[in-house]
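Reviewing the structure listed below.
The values are calculated or read from the model by the stated rules, or taken from the named source; none is laboratory data. Small disclaimer: the values here were computed from a predicted structure and weren't measured. Glycine also receives a Cβ, built like all others from the backbone with ideal geometry; neighbour counts cover every protein chain displayed. To get the accessible areas, we keep the full protein, side chains included, count just its heavy atoms, and leave off ligands, DNA and RNA. Shrake-Rupley method; radii C 1.70, N 1.55, O 1.52, S 1.80 Å.
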Amino acid sequence: MSDMHVHPEVVTSHEVHSDEHHVHHHKETFITKYIFSQDHKTIGKQFLITGIVWAIVGGFFSVLFRLQLGYPNETFPILETLFGKWGAGGHITPEFYYALVTMHGTILVFFVLTAGLSGTFANLLIPLQIGARDMASPFLNMLSYWFFFLASCVMVSSFFISTGPAAGGWTVYPPLSALGQASQGSKLGMDLWIVSMALFVVSSLLGGLNYISTILNMRTKGMSMTRLPLTIWALFFTAVLGVLSFPVLFSGLILLLFDRNLGTSFYLSDIVVAGQVLPNEGGSAILFQHLFWFLGHPEVYIILLPAMGMVSEVLSINSRKPIFGYMAMLGSLFAIAILAFLVWAHHMFVTGLNPFLGSVFVLLTLLIAVPSAIKVFNWLTTLWRGNIRFTPAMLFAIGFVSLFISGGLTGIFLGNSTIDIHLHDTVFVVAHFHIVMGVASMFGMFAGVYHWFPKMFGRFLNNTLGYVHFWITLAGAYLIFWPMHYEGLAGVPRRYMDKSSWVSFNQFTELNKFVTVVAMIVFAAQLLFVFNFFYSIFKGRKVRSQNPWGANTLEWTTPVRPGHGNWEGEIPEVHRWPYDYGKDGRDFIPQTEAVGANESKH
Amino acid sequence: MQAFFIVAILLLAFLIIFQIAKASEYVAVLRGEDKVRKQTNKINGFMLLSFLVLGLVGVFYCNEQLKGRILGTPASDHGVLIDRMLYITIAITFIVFLITQVLLFWFSYKYQESDNRKAFYYPHNNKLELIWTVIPAITLTVLVGFGLFYWFGITGNAPKNAMEVEIVGSQFKWEFRYPGHDGPDGKGVFGKKYYKEIDEGKMNPLGQLWDDPANYDDIYVSGEAMHLVVNKPVKLIIGAKDVIHDVGLVHFRMKMDAVPGTPTTMWFTPTKTSKQMIEETKNPDFVYEISCDQMCGTGHTGMRGTIIVETQEEFDAWMATKKPQYLVANPGKDTKAAPQDTSVVKPVAAIIK
Ligand code: HEM
Ligand SMILES: [Cu+2]
Ligand SMILES: [Cu+2]
């Protein structure tokens, strides 16, 4: 810990106005404190705020294309006013529609729920909960954010070029994504998408390696691995998944870049496009899908695991009970992390994959349902006979469990290759992954924000707004995505922008309108949250006690507004696991308290 | 103007909610934060229980509204198996769904904070955990067992008597080819193709190699429905010219990607003629549709093909109206040359076999 940054002046200034608006460090300028900061807490906030901005953009895109899906035959002149040729005649053009869908997927999966979620909470919580002054390498950590920022800039720039951003779906399958002649979105926009994602991979590798080495090497005295809160374990496995799988995506994308610009044939073979015969022979379009999903599947767990970790923590704290089956929770996280690498081809059952190989992936996929089931039952048992406080964070955690159950169960449909023949690439898939990955992880993230906001900013979010936000979002999520399963069962393909010309798929007009209206309401509710967030940073109710939730973990032993270095004196020593809630008649026993002589064992 | 109103109303709603929220914070301070917190806790506990009840009513209502608009009866032999598997899975998962959601919301309501209760310190119980590892494992094994049994049947080899039809996707249409009758025992053989020969101007949209005699009697069909024979297995040979497409046959419950450079196949037996389906669905507009299920560009939504399933006689009558593409593309050639050449080739093929 040679790179400790705590100066004596800083410590005193904290003592003086620890409750005051932003403590001013002696030697720090605005730039080093808020922009090129190496403090993990500031970097976490940077990730969070960038993630929120991206979430607004990505969510707004979904409102736009829902407009098309709900009202395919109506004109909205405002679209032309706002977007010019993309909204020609008040209609969303197909080019625009597919660009919106692609960007919506890319933004929410990578920029919001990868960077915005694990970027935020790994940075904020790892040093605070393991008892370290900062990350193993604060400098690389800072670079991690700025690479993400750069990736964001490149992606944004693709919105403003004349051929528009990538439009082949967030999975960017070649040959569509490789051939500029095949689609406008496969022109310059696609190159920018690849460059942006490459930068993003760099960012997440820098971050991930840092998280792993910090957790392994910088735990405070007494903090053995089995005394780590489950948040940390979840963030650890998340980082491992990212470090092992992002490079594969990276190489897949580089080969795609070569195919696009250097005339190679990794993914291209036997192609006649727009009347033009291409020379490429011998490539395999399916190879890309293997490379993509080797990241793509772990990616859904990269999104989900941090949410699971935070939910475990929040459920336990607010039930005033230990998390049930800590070792089983840990074991199932481990099992999920391993199996996540062994199921990627379940996205490819109908690509012509060898049926025997397919059957192996069916087995492995349904195997992953077992650790997921264990987690659900353990969460339920954690609630059982608790003394539950419904903070907004707790409500979001409960909502997470509900959504994870609903979405997890439909995974059993899709993982079974026989059923997947019918359901693959239908709206059923859209419903499934939104519930289990999209909305559930969002709920995990909200739980985290409401719970740790006091630690981040020394103020509370407004509770009433929090409750309104929660109830609209929970009800809305189910109203939007539950009926979509039915459309999927009817075989309605995903990425169709207008079903009215189809005899088999035109029976859901009313439903589509309804879903669009609900989606808009839900989006407005998110703006309410955004408002609450920024308002409360400056005007929220002040946190007056060091440990407002009565929690055991180390972050609540720091000052209300910790400076760079987190603890003012020595880093506290840890004597027990983090879940001694309600033990021996005591509401909670912090990790820093030594085990008493007569204390009961668990 | 309308947009302006909507924005104005939204802003107003925001403002009101925000004012209420802020006021409630002050009220909390005035009335004692702890007291207000406990009251809010009760309200939210009650809301969770109501959400469960309303949610389950909603699930039931949604099912009543929509169940008539999904599946219908499957129109292929594989479809029957897939639907059966689907309904078994729906039944099992719905039971699990009910139990777990009820427990989740019930526990939340029942064990909400109360001054009279102490949380029960209960960190683990190995027996319980073992039980809920084993039960899902067994259930999933059963589902996988069923699933794979069907899967191997569906993806296994097509029966010997299956007819073969080639289907080729390109932005944004479907084209078909029938192999004629030039093989042994009257089944057709597809002539060779090479993608660099594809040339619509030369009437060779699939890139058939005209020096392969097997191409002489191959029938090319586009701009109309694919015709299939009821109760006769059909094996589709699937290809694509430009990007990946997908042959989605919703009524047959079948689906397979069309990948440029890598041909794929799938087979099934249509069990109902188009006319039967019109009667059964009471929809005079009913038609078997081929939907492209893989994102393929801006026209993806409209990449529609159709299929007519009919009796053997009707099929033969339709086929009799068709002329081999060889003759269309090579009008100078002696029309007799084609059958003649095939008769020369036939014995050779027979010897090789
Ligand atoms: C208000 C909330 C949301 C709504 C109403 C919504 C709606 C939709 C719809 C209707 C589609 C399908 C479009 C089509 O197939 O034509 C879609 C695609 C998608 N959404 Fe969302 N979404 C929401 C939030 C999210 C979140 C939180 C995620 C995060 C994981 C997400 C990730 C995706 C992805 C990955 C796709 C696939 C994009 C593609 O097809 O390439 N969405 N969304
Ligand atoms: Cu997957
Ligand atoms: Cu398509």
Practice item. Report in % the part of the accessible area of the protein assembly as shown that belongs to carbon and sulfur, leaving out ligands and nucleic acids; probe 1.4 Å. Key: 67 percent
Revision key, fill the gap. Shape descriptor, segment B:227-315: equivalent ellipsoid semi-axes (Cα gyration tensor, sqrt 5λ, whole Å, largest first) stand at 25, 16, 9
Exercise for review: Take the Cβ-Cβ distance between residue B:281 and residue A:73 as r, set R0 to 25 Å, and report the resulting FRET efficiency rounded to the nearest 0.05.
Suggested key: 0.50
Study note, to complete from the structure: Reduced to Cα centres, the span from segment A:557-578 to segment A:264-283 in Å works out to 60 Å
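Expressed in nm², what is the orientationally averaged projection area of the convex hull enclosing the Cα positions of segment A:63-141?
Across all orientations, segment A:63-141 yields a mean hull projection of 7.6 nm².
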Exercise for review: Filter the cross-link list A:41/B:38; B:160/B:235; A:499/B:255; B:192/B:255 down to pairs whose alpha-carbon distance in this structure exceeds 22 Å.
Suggested key: A:41/B:38; B:192/B:255
Practice item. Run the numbers on segment B:84-102: which residues show a drop of 20 Å² or more in accessible area, chain on its own versus all protein chains together, using a 1.4 Å probe over heavy atoms? Key: B:85, B:86, B:89, B:90, B:93, B:96, B:97, B:100, B:101
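For segment B:62-136, what class follows from the C-alpha gyration tensor (a ≥ b ≥ c being the square roots of its eigenvalues): rounded when a/c is under 1.5, otherwise prolate if a/b is larger than b/c, else oblate?
oblate
For the pair residue B:65 and residue B:137, what calculated FRET efficiency results from E = 1/(1 + (r/R0)^6), where r is the Cβ-Cβ distance and R0 = 35 Å, to the nearest 0.05?
According to the calculation, E is roughly 0.45.
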Exercise for review: Please give the total accessible area that chains A and B bury against each other, computed with a 1.4 Å probe and expressed in Å² to the nearest 100.
Suggested key: 10300 Å²
Point to revise | Distance histogram for the protein assembly as shown (every C-alpha pair counted, 20 angstrom bins, percent rounded to whole numbers) | key: 13, 43, 31, 10, 2, 0
Practice item. Counting only C-alpha contacts under 8 Å and six or more residues apart, can you give the relative contact order of chain A as a whole percent? Key: 16 percent
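Restricting things to alpha carbons, find the Rg to Rh ratio for segment A:185-240 using the Kirkwood radius for Rh.
Working: Rg = 16.9 Å, Rh = 13.3 Å.
Checking Rg against Rh, the ratio lands at 1.26.
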Review point. In nm, to one decimal, how far is the residue A:221 label point from the residue A:545 one, both placed 7 Å along Cα→Cβ?
Key: 2.8 nm
Exercise for review: Give me the orientation-averaged projected area of the Cα convex hull of segment A:229-301, in nm², one decimal.
Suggested key: 5.6 nm²
Exercise for review: Output the Cα-based Rg and Dmax of segment A:455-602 in Å, rounding Rg to one decimal and Dmax to a whole number.
Suggested key: 24.4, 76
Study note, to complete from the structure: Once normalised by the length of segment B:243-332, the mean sequence separation of its alpha carbon contacts under 8 Å that are 6 or more apart gives a contact order in percent of 28 percent
Review point. What translational diffusion coefficient, in µm²/s and rounded to a whole number, does the Stokes-Einstein relation yield for chain B at 20 °C and a viscosity of 1.002 mPa s, taking the hydrodynamic radius as the Kirkwood radius over Cα pairs?
Key: 82 µm²/s
**Study point:** Share antiparallel - DSSP beta bridges, the protein assembly as shown, percent rounded to 5
**Key:** 75 percent
Review point. Using the Kyte-Doolittle scale, which helices in chain B average at least -0.5 and also have C-alpha atoms spread 30 Å or more along the helix axis, with helices defined as whole DSSP H runs?
Key: B:2-31, B:33-66, B:77-110, B:126-155
Check your understanding: For residue B:181, what accessible area in Å² do you get when you roll a 1.4 Å probe over the heavy atoms of the protein chains, rounding to the nearest 10?
Key -> 130 Å²
Point to revise | At q = 0.18, 0.20, 0.24, 0.25 Å⁻¹, base-10 log of I(q)/I(0) for segment A:292-337 (Debye sum, equal scatterers on each alpha carbon) | key: -0.60, -0.69, -0.87, -0.91
Check your understanding: When the Kirkwood hydrodynamic radius is evaluated over all pairs of different C-alpha atoms of segment A:156-286, what value in angstrom, to one decimal, is obtained?
Key -> 17.0 Å
Review point. Binned at 10 Å from 0, what are the whole-percent values of the Cα-Cα distance distribution for segment A:30-588, short to long?
Key: 4, 17, 29, 28, 15, 6, 1, 0
Review point. If one computes P(r) from the Cα atoms of segment B:163-330, what percent of pairs lie at distances over 25 Å?
Key: 31 percent
Revision key, fill the gap. Once both label points are put 7 Å beyond Cα along the C-beta direction, the residue A:162-residue B:30 separation in nm becomes 6.3 nm
Check your understanding: At residue B:3 and residue A:500, where each label point lies 7 Å from the Cα along Cα→Cβ, what is the point-to-point distance in nanometres?
Key -> 2.1 nm
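Can you give the relative contact order of segment A:182-252 as a percent, counting alpha carbon pairs under 8 Å and 6+ residues apart?
For segment A:182-252, the relative contact order is 48 percent.
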Exercise for review: Taking every Cα atom in segment B:4-127, find the radius of gyration and the maximum pairwise distance Dmax, and write them in Å.
Suggested key: 23.3, 71
**Study point:** residue A:254/residue B:11 FRET efficiency (R0 51 Å; Cβ-Cβ; nearest 0.05)
**Key:** 0.60
Practice item. Once you have all Cα-Cα distances for segment B:108-214, histogram them in 10 Å bins from zero and send the whole-percent values. Key: 10, 20, 17, 12, 10, 10, 10, 8, 3, 0
Practice item. Determine which aspartates and glutamates satisfy two conditions relative to residue B:35: a Cα distance under 16 Å, and not lying fewer than 8 residues away in the same chain. Key: B:25, B:113, B:115
